[in-house]
Amino acid sequence: MLRQKSLLLIWAGLQLSLLLLLQQAFAWWIISLFAVLLFYRVFALLRNNAAISLKWVNLLAGIIAVALLLNLRQAGVLHFMLQILLLAAVARLLALQHLYEARQLVWVHYFLIGCCFILHQDMAIAMLVLAVFLLNLYSHYRLFAPSGARLNWPQTGRSVLIILPLWLGMFLLFPRLPAFWQIPQANVAATGLGDSIDPGSIEKLVQDDSLAFRVEFDGALPPRQQLYWRARLYEDFDGRSWHISPLRRTAARYNAAPTGNDAAAAQLSYSVIAEASRQTGLFALATPNSVSGNLQLNSSGLVSANKPLSQRLSYQVKGTASPVLLLSAQEQQLNLATGSGNPATKQFAAELLQQYPQPAQLVAAIAEHFGNQAFYYSLTPPLLAGANSIDQFLFSSRSGFCSHYASATAVILRAAGIAARVVGGYQGGQWHPQQNYLAVRQREAHAWVEYLDNGVWQPFDPTAAVAPERVLNNLDDILPQEQRNLLNSGWRQLAFLQAARQQLMHLDYYWSVWVLGFDDNSQRNLWRQLIQQLPAIAASIAGILLLLLLIGGGYLLKRRAPAAVPPATMLLQRALHPVLQLKPPSQPLSVYLQQLAISQPQHREWLQQLSDVYEQAVYADKPQALMQLAALLKRRRLQIKQLRSSVKNT
Amino acid sequence: MLTQLHKVEQSLNQVILGKQQQIRLALCCLLAEGHLLLEDLPGMGKTTLAHALANSLGLSYRRVQFTSDLLPGDLVGLNIYDARSQQFRFQAGPVFSQVLLADEINRASPKTQSALLEAMEEKQVSVDGETRALPTPFFVIATQNPLFHAGTSALPESQLDRFMFRLSLGFPDHQAEHQLLQRDSSRSRLDLLSEQLNTDQLRALQQQVPKVNASDALIDYLLALINSSRHRSDMLPLSPRASKATLRAAKAFAFINGRDYVSAADVQQVFPYVAEHRLDPSSAAQESRLSQLLLQQTPCPL
């Protein structure tokens with residue numbers, strides 16, 4: 001029978017915090033159900049009511065399990081597992097009566113705490129999980145500690161200190177094993193760019209301040225005009241919105257690294273830490289040549305993962321700053337479809353084509369058109385409800401966002417017979433010079449155009465023609481105040497909170513680089529470095545050991561210093577070594593010498609002299625006596641030898 | 001001056017026969033400014049020794065027989081009202097002398113004992129709030145009767161600790177006692193003892209004792225010896241006062257023997273007399289079991 005009420009309270013609190021940590025996995029009704037059960041348990045504990053009988057708890061748990069099972073399709077297998085696990089823990093706590101049940105419960109808690117990392121990888125959450133873990137550890141200790149035992153903090157601290165290097169070594173050097181089991185995919189809404197783009201879809205993203213990915217460049221930061229992070233190619237146009245081509249979906253599987261057409265183009269090398277987006281699409285600049293790890297790089301220069309990102313992912317890209325090449329005639333064909341409608345746009349395109357037969361000229365003309373005419377960049381454009389939305393935008397509303405301009409430009413180009421497509425991705429990012437990384441947030445989502453010119457997909461950003469600041473600066477800077485307020489609502493305007501948020505973001509960055517990003521590769525590198533620096537490391541360890549030894553030796557020497565044997569005694573002991581072994585340990589040397597003088601009459605004279613000189617040297621601290629002693633011992637070498645033999649004989 | 005001291009020793013040896021060792025130790029105790037506890041049967045020559053010491057050194061001598069009704073005032077003195085001068089006059093007690101023989105100290109009440117012991121430690125007495133210095137040198141020879149314990153208050157450990165030496169004269173050997181009996185009277189010889197050394201000379205000798213060299217190694221040996229008594233259950237631990245007394249006694253012993261340095265042999269010589277009554281207050285004076293044990297168990301590296 002478990003009588004420790006405080007333990008039960010600790011577990012109830014622990015399960016409540018687990019409920020909060022895992023809330024992503026639970027529907028609201030499950031959360032409230034579990035919370036009610038837990039609060040009931042706490043209430044019953046405080047009222048000193050006994051545990052609920054096992055029969056009722058089983059019934060209750062059975063009903064909830066069935067409900068969860070019915071919800072399985074909606075929740076997904078992973079979430080269902082977590083729900084069942086937490087249900088088991090809560091139900092066990094409700095009916096907890098025996099010690100062995102409590103022990104099981106503690107282990108289930110450990111497992112649930114570990115599961116928190118499936119849903120979260122943030123540093124802040126990790127700290128929270130650590131706190132919950134420590135709480136569980138404490139309850140574990142309390143469960144096994146003899147009653148009345150107190151936590152011995154100094155000893156605990158010592159144990160932690162001892163285990164710390166081992167733990168660090170395990171983290172850094174223990175081989176990274178592949179996952180023992182597959183985690184089923186959770187049904188969670190993906191974040192980031194969607195599979196289709198229509199005026200308005202990016203708008204929503206722009207109001208999302210969360211991080212999309214972070215980049216660390218091996219060299220210097222490329223100019224902002226080059227920071228077009230390609231993520232999606234929208235090639236299917238239905239007259240209103242753009243979609244990823246179904247052909248592309250199947251063709252995306254073939255893997256041939258795109259070859260840069262321009263050997264002189266700047267080389268780019270950078271590593272990206274992508275946030276968990278629940279999508280496969282990743283990000284790269286211009287033409288990537290190779291990516292690290294298990295990622296796919298398709299011929300159009302898009303990087304994708306094999307399965308949707310459920311965790312942060314770090315990968316490295318090497319590439320060039322040159323535009324991607326045309327793959328096939330089929331691809332060109334695909335990007336010429338203009339769809340139905342938008343007659344005015346097609347008319348406008350035909351007129352432009354007559355004036356500017358070359359694609360580059362045409363694009364320049366479009367840019368000029370956007371720049372000279374009264375086109376506006378706005379986050380709150382009027383709704384384009386009609387069938388010919390491009391016409392409406394180009395000739396009447398003239399106010400829109402990057403996706404409006406990109407889709408209009410692509411349609412004009414296609415109508416003029418130039419293959420063109422809308423590219424979705426991110427533009428720019430916030431550069432943190434001290435921490436040396438670029439943070440790209442969802443609000444930096446962008447759409448631009450790629451058109452075919454001489455077999456090369458040239459990028460063109462019509463938004464830059466309307467609002468060049470959008471490309472060169474932050475979004476914040478180019479919007480009028482009221483629109484900026486739309487972005488920076490509420491507390492975000494407080495400067496110090498902003499700064500604190502920045503600092504937290506940097507901290508989180510280091511966390512993801514050094515802790516989450518520490519994978520097989522980094523470990524192999526570490527091993528390689530360790531092996532390379534093995535002599536240096538061994539030397540430094542030896543040096544440290546030597547230093548410790550010296551300190552310890554010095555300390556011991558200092559402690560032993562009072563007991564040091566005076567030089568006169570050492571001198572005498574060395575000279576008379578075997579004779580002195582017969583001396584009783586408690587007898588002073590001079591007394592023994594005098595005894596010898598009596599028992600060995602033939603040596604009497606010099607032994608008495610020796611005794612006197614020795615006493616002078618050792619007791620009277622006279623330095624000249626020490627010299628006299630040495631001289632005497634030297635002079636009497638022969639007699640000493642005789643003395644030795646005669647003492648041995650007696 | 002040392003020769004004069006040796007003359008004192010010689011004349012003392014003529015009065016108390018066959019006790020060279022004890023006489024030397026008693027002189028040593030006097031030189032080291034310590035006090036002496038004699039434990040002996042009556043008639044062994046304690047009083048003679050005390051008296052002879054005082055006479056040969058030219059010191060004033062008083063004897064107090066301690067009894068159970070002896071009051072502190074009887075010892076240190078009283079303020080007596082003088083009716084003629086209508087004033088209180090201090091009547092100095094026997095403690096105001098240079099050599100005080102406290103006979104059978106264990107017969108007095110603890111109150112009187114402690115009054116004496118305070119005087120021994122502080123070299124001054126306080127009467128009615130007035131502090132009076134005792135003459136210098138101030139040397140107490142206290143005697144204890146080991147046999148007759150009825151009606152005695154044994155000195156507690158803390159008070160035994162105040163005595164530097166505890167000695168026992170013991171029976172004289174056959175030859176010495178024979179010689180003793182041949183003489184007419186030792187008392188008359190005692191009166192013949194001339195003053196060999198005056199008080200100033202004695203002071204000068206006493207001041208030379210601390211100057212005797214004690215090397216670091218020797219002090220280490222001494223501390224090892226003292227330390228071996230600590231952390232044991234079969235004896236009381238020796239206090240730092242005991243180690244100080246041992247060193248001072250060893251210095252005095254070396255000084256009497258004409259050396260300006262203390263040797264380990266000196267320490268070993270005086271140690272039983274300094275330590276035994278501190279290690280076991282209930283031991284008899286002629287015993288030195290515990291101190292000999294410590295001497296044997298402590299290796300002497302010198």
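Read the figures in this text as sums done on the coordinates, not as results from a lab. Predicted model, so just to flag it, every value in this text is computed and none were measured. With ideal geometry, Cβ positions are generated from the backbone for all residues, glycine too; neighbour counts draw on all protein chains shown.
Observations on the model:
- Antiparallel content of DSSP bridges confined to the protein assembly as shown, in %, to 5: 75
- Helix A:99-119 and the longest principal axis of the Cα set of chain A meet at an angle near 50°.
- Extension gain, A:PHE117 back to A:TYR138 (0.36 nm per residue minus Cα-Cα distance, nm): 5.5 nm
- Hits among lysines - C-alpha to C-alpha of A:LYS318 under 30 Å, sequence gap 8 or more where chains match: A:LYS307
- Förster-model FRET efficiency, 45 Å R0, B:ASP173 and A:SER586, C-beta, rounded to 0.05: 0.95
- Computed helical MRE - 222 nm, chain A, DSSP H runs ≥ 4 contributing -39500 (n - 2.57), nearest 500: -16500 deg cm²/dmol
- Karplus-derived HN-Hα couplings along segment A:608-619 (A = 6.51, B = -1.76, C = 1.60, θ = phi - 60°), whole Hz, x at Gly and Pro: 5, 4, 4, 4, 5, 5, 5, 4, 4, 6, 8, 9
- From least to most packed, judged by other beta carbons within 10 angstrom and beginning with the fewest, A:TYR614, A:TYR426, A:TYR228 follow the order A:TYR228, A:TYR426, A:TYR614.
- Cα gyration tensor, the protein assembly as shown - rounded (a/c under 1.5), prolate or oblate: prolate
- The stretch between A:LEU130 and A:ALA321, if pulled fully straight at 0.36 nm per residue, gains 64.4 nm over its current Cα-Cα span.
- Helix B:20-31 vs. chain B, principal-axis angle (Cα, 0 to 90°, nearest 10): 70
- Efficiency of FRET between A:ASN525 and A:GLU101 - r from beta-carbon atoms, R0 51 angstrom, step 0.05: 0.60
- Given their separation in residues at 0.36 nm each and the Cα-Cα distance between them, A:ARG158 and A:GLN573 gain 144.8 nm when the chain is fully extended.
- Its Cα centre serving as origin, chain A has a Cβ charge dipole (Lys and Arg +1, Asp and Glu -1) of approximately 4520 debye.
- Total formal charge among the other residues, if their Cβ is under 12 angstrom from that of A:ASN436, Lys/Arg +1 and Asp/Glu -1: -1
- The lysines whose alpha-carbon is closer than 23 Å to the alpha-carbon of A:LYS55, local same-chain residues fewer than 8 away aside, are A:LYS5.
- In this simple spin-label model, placing a label point 7 Å from the Cα along the Cα-to-Cβ direction at both A:GLN23 and A:LYS307 gives a separation of 2.8 nm.
- Computed from the C-beta positions of B:THR136 and A:SER6, the FRET efficiency with R₀ = 60 Å rounds to 0.25.
- Label zone at A:SER290, where the point sits 7 Å out along the Cα-to-Cβ direction: segment A:502-533 residues whose backbone N lies under 16 Å: A:521-522, A:525
- All lysines inside 24 Å of A:LYS634 as judged from Cα atoms, apart from same-chain residues fewer than 8 positions distant: A:LYS583, A:LYS622, A:LYS648
- Leading residue at positive end of dipole, segment B:1-208 (Cβ point charges), from B:LEU193, B:PHE138, B:ALA204: B:LEU193
- Helix axis angle, A:495-510 relative to chain A longest principal axis, alpha carbon, degrees: 70
- Fraction of antiparallel bridges per DSSP, chain B only, in percent to nearest 5: 35
- B:LYS244 paired with A:GLN267, simple spin-label distance in nm, labels 7 Å along Cα-to-beta-carbon: 8.4
- Karplus-derived HN-Hα couplings along segment B:285-292 (A = 6.51, B = -1.76, C = 1.60, θ = phi - 60°), whole Hz, x at Gly and Pro: 5, 7, 7, 8, 5, 5, 5, 5
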